[in-house]
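The next block holds one structure in the form of structure tokens; read it before the comments.
The values are calculated or read from the model by the stated rules, or taken from the named source; none is laboratory data. Note that the coordinates shown come from a computational prediction; the quantities given were computed from them, not determined experimentally. With ideal geometry, Cβ positions are generated from the backbone for all residues, glycine too; neighbour counts draw on all protein chains shown.
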Amino acid sequence: MQKAAPPSPREGAKRVAPLAPASGSFGVAYGVLAVTAGMGVLAPIVMSATTFAGAAQFAAASVIRDGGSVLAAVGAAVLLNARYLAISVAIAPVFRGSRLRRFFESQLLVDESWAVSQVGGGRIDRRLLIGAGLLLFPCWVGGTALGVFGGDVLGNPKRLGLDAAFPALFLVLLITLTVSRRAIVAAFAGGLIALVLLPVAPAGVPVIAAGAVCLAGLRRP
């Protein structure tokens, strides 16, 4: 019996294609938000190209928009991206070649590319991840540029509902993660501490505190 050919990067792009429009639209929302937050026109695009992490970028822009410090914005972004530490350690063995090659390929790791590259048993296929990431990356960066330069044409983000993109994004992430009792308790505790701190703490602090509480609650004994 002939052995099946390994999946190609094109297959990864095909798998993630239905999510590409959503990635682009979130990029537009981020671009508009970043400009209104006072980040200028170049910084949001550079951040999308180098960070490529929607949740973290939304958090940083939101903290800055609300008057928080750069340190608070960075802290919020780091906490939201902490989940990639565990994912990266788990999938590191499938990345081979020079350090430079592994560095650039690992930049394509996002929630969507990781999800569509699963092959069972907690394993992923590197080719699928790369193909998915190569499709999502230009959608995200291009969407950001469209939001940055076309914000005036798009008008008030609230009129288009883009102001709801940030909470909607986190709600979707929350739903996908709260699959156990411990996760539900951690999410509830994080939300509660954010609500308590919101009226009294400086901008950005509630996000950082909530993220820290959630990470502590989800940590395995």
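Listing for the model above:
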quantity	calculated
Only one of LEU136, LEU85, LEU128 that is within 30 Å of VAL63 (Cβ to Cβ) and buried (at least 20 other Cβ atoms within 10 Å of the Cβ)	LEU136
Boolean, LEU135 is under 28 Å from SER25 (Cα atoms) and assigned to a helix (DSSP H, G or I)	yes
Subset tally (residues that are closer than 22 Å to ILE45 by Cβ and either among the aliphatic types (A, V, I, L, M) or not assigned by TED's automatic domain parsing to the domain that holds THR50 (or both)) for the range 98-147	10
Hits in the range 11-34 (condition: surrounded by fewer than 21 Cβ atoms within 10 Å (Cβ to Cβ), among the hydrophobic types (A, V, I, L, M, F, W, C) and modelled with pLDDT under 90)	LEU19, ALA20, ALA22
Yes/no for ALA203 being outside any helix (DSSP H, G or I) and either at pLDDT below 70 or not hydrophobic (A, V, I, L, M, F, W, C) (or both)	yes
Residue match in the range 118-128 (condition: modelled with pLDDT under 85 and in contact with an Asp or Glu (Cβ under 7 Å, 6 or more places away or on another chain))	yes
Verdict on ALA37 being out of contact with any Asp or Glu (no Cβ under 8 Å at 6 or more places or on another chain) and either at pLDDT below 85 or farther than 20 Å from GLY143 by Cα (or both)	no
Some residue of the range 87-94 being outside any helix (DSSP H, G or I) and farther than 23 Å from PRO138 by Cα	no
Every residue from the range 97-116 that is over 17 Å from the mean Cα position of the chain (by Cα) and either crowded, with 20+ Cβ neighbours inside 10 Å or of a type in the set (Gly, Ala, Ser) (or both)	GLY97, SER98
Residue check, GLY54 within 25 Å of ALA210 (Cβ to Cβ) and outside the structural domain of GLY211 (by TED's automatic domain parsing)	yes
